[in-house]
Amino acid sequence: MSIKAIKGTKDILPWESPLWHHVETVCREVFSSAFYQEIRTPVFEKTELFARGIGEFSDIVSKEMYTFQDKGGEWLTLRPEYTASVIRSYIQHHYEQQSPLHKLWYVGPLFRQERPQAGRLRQFHQFGIELIGSEYPEADAEVITLACEIYQKVGLREWELHINSIGNTKDRLRYIQLLAESLKPHFDAFCPVCRKRFDINILRLFDCKNKSCQKLLDDHAPKITDHLSPEDNAHFEQVCKLLDVQGITYTINPKLVRGLDYYTRTTFEIKGKQLGAQDALCGGGRYDNLVEELGGKSTPAVGFAAGVERLILALEAEKIADVPASRPDLYIATLDVESYQGILKTCTTLRHQGFVIETDLLRRSVKAMMRDANKKQAQYVTVIGPEELESGTLTLKNLQTGETSQIAWNELGKALGKERHTL
Ligand code: AMP
């Protein structure tokens, strides 16, 4: 029996990659336009980094990590998220000595052992940013703005931004106590998962998809936004104002507390309306304590991470997934091996000039090569045999218009140049 890809992993097939390139190009353009620099971190790290960075009681650390012992006996983990790795790099390489503020972006694969379903994989990809060094609301607003810009620029129509503030750690601990007291009388009415989370991380109750649990929270949970300090309130109001002045619409959602332990103050999420149960396109927020918790100097930071597969699902659902694929500028059909040998140098020169040149490697008939050139939507085609090689001239046919012209070999670049495609 042939070997198949592992459950929860997926090949990005050759005909799917134009859409991936489109998403990655938009990311690179949007982030670079705000002067963010790309960071690439290793795919695996010491297990301890994620245990400390994400929180031992989070779903990711307690159930979902791909952890293994290497031959030296060290515990390693395939990265389940980016932020801890980026902060590890920030601390290790003393970024703060170069500049007080760092604006970083990334894109790459992550690994979580979740139950696979539509929009939820075991190897998936995220793009995102981390803005390290500013405590001010301008930083939160810039991060949220850039996230929104990605969805606008890729052309997605149906998405919405939810924001919230969960205050500082001290106020949150007080709020958690109040929440527990308010919900305790209703404990038995919550679903088994919520009941389990009650003592471990009660804020996670807000993530429950169960309608009756949500109703209990609506009826009995105090709103975290009513329990913020004046400073946290002022910070949140300023974030909202900076979004308002840019005309970015959002919903303030007091139930948005996010699953990870390290968030402080601002949290936000972007939901795709065309996605089913797994509707979160992007999640982020401020995490002012993480650098210190991972052994660095106390440094404020804010960022977001967004799923590439979910965005692609959303684009497909909106039927805007048709991104033009690369096509040959010129298809050179050769009649025999000598002719193939004769065109090779020209082929390389044209490729160096930036043209996409396709040749036949299956020794096909002229008819089959023409069919192939049409299927690949080549702009031009030329058939080369001993005659063309000897005379130094060839017939160039524009497959779109059907026009033909006789040109000399050394005029090929100029002739193609008129309608050159970008790669
Ligand atoms: P998180 O790191 O959990 O805050 O997730 C950020 C974003 O990554 C989510 O909003 C999703 O778009 C995406 N994501 C998270 N987990 C998965 C997964 N298992 N499969 C596919 N996408 C995911």
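The values are calculated or read from the model by the stated rules, or taken from the named source; none is laboratory data. Here the structure is a predicted model, which is why all the values come from computation and not from measurement. In this analysis, Cβ positions are derived from the backbone assuming ideal geometry, glycine residues included, and neighbour counts consider all displayed protein chains. For accessibility, only protein heavy atoms count, side chains too; no ligands or nucleic acids. Shrake-Rupley method; radii C 1.70, N 1.55, O 1.52, S 1.80 Å.
Data for the structure
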read-out	value
The stretch 407-423 residues that are over 16 Å from LEU394 (Cα atoms), paired with ones that are surrounded by fewer than 13 Cβ atoms within 10 Å (Cβ to Cβ) and at pLDDT 90 or above (beta carbon under 9 Å, 6 or more apart)	GLU419/GLN400
Close pairs from the stretch 111-132: first over 15 Å from LEU313 (Cα atoms), partner basic (Lys, Arg) and surrounded by 21 or more Cβ atoms within 10 Å (Cβ to Cβ), Cβ under 9 Å, at least 6 apart	PHE111/ARG79; ILE129/LYS103; GLU130/LYS103; LEU131/LYS103; ILE132/LYS103
All positions within the stretch 8-23 that are surrounded by 13 or more Cβ atoms within 10 Å (Cβ to Cβ), more than 14 Å from ALA321 (Cα to Cα) and not hydrophobic (A, V, I, L, M, F, W, C)	GLY8, THR9, LYS10
Filter result for SER85 (out of contact with any helix residue (DSSP H, G or I) (no Cβ under 9 Å at 6 or more places or on another chain), outside any loop (DSSP other than H, G, I, E, B) and at pLDDT 95 or above)	no
Residue within the stretch 320-327 that is outside any helix (DSSP H, G or I), within 16 Å of the ligand (Cβ to nearest atom) and in contact (Cβ under 8 Å) with a residue 12 or more places away in the chain present	no
Filtered residue count, the stretch 319-358, keeping only those that are under 14 Å from GLU388 (Cβ atoms), among the hydroxyl-bearing types (Ser, Thr, Tyr) and open to solvent by 10 Å² or more (accessible area, probe 1.4 Å)	3
Top-ranked residue of the stretch 47-67 - restricted to ones that are in contact with a helix residue (DSSP H, G or I) (Cβ under 9 Å, 6 or more places away or on another chain) and open to solvent by 30 Å² or more (accessible area, probe 1.4 Å), ranked as nearest to the ligand (Cβ to nearest atom)	ASP59
Residue ID - nearest to the ligand (Cβ to nearest atom), chosen from residues in the stretch 90-123 that are of a type in the set (Ser, Thr, Tyr) and crowded, with 17+ Cβ neighbours inside 10 Å	TYR106
Breaking point among (1) open to solvent by 70 Å² or more (accessible area, probe 1.4 Å); (2) closer than 17 Å to THR266 by Cα; (3) touching a residue at least 24 places away in the same chain (Cβ under 8 Å), for LYS209	(2)
Subset of the stretch 287-311 that is assigned to a helix (DSSP H, G or I) and surrounded by 19 or more Cβ atoms within 10 Å (Cβ to Cβ) - its residue that is farthest from the ligand (Cβ to nearest atom)	VAL291
Meets criteria (touching a helix residue (DSSP H, G or I) at 6+ places or on another chain (Cβ under 9 Å), under 20 Å from THR267 (Cβ atoms) and modelled with pLDDT of 90 or more) for ILE166	yes
Any hit, the stretch 151-165, residues being under 29 Å from ALA317 (Cβ atoms), open to solvent by less than 60 Å² (accessible area, probe 1.4 Å) and assigned to a helix (DSSP H, G or I)	yes
Filtered residues of the stretch 255-277 (kept if open to solvent by less than 30 Å² (accessible area, probe 1.4 Å) and of a type outside the set (A, V, I, L, M))	GLY259, TYR262, TYR263, THR264, THR266, THR267, PHE268, GLU269, GLY272
Neighbours by Cβ (under 8 Å, 6+ apart or cross-chain): first from the stretch 151-163, under 12 Å from THR249 (Cβ atoms); second surrounded by fewer than 17 Cβ atoms within 10 Å (Cβ to Cβ) and among the aliphatic types (A, V, I, L, M)	HIS162/ILE252; ILE163/ILE252
Boolean, ILE248 is among the β-branched types (Val, Ile, Thr), touching a Ser or Thr at 6+ places or on another chain (Cβ under 7 Å), in the same structural domain as ILE60 (by TED's automatic domain parsing) and modelled with pLDDT of 95 or more	yes
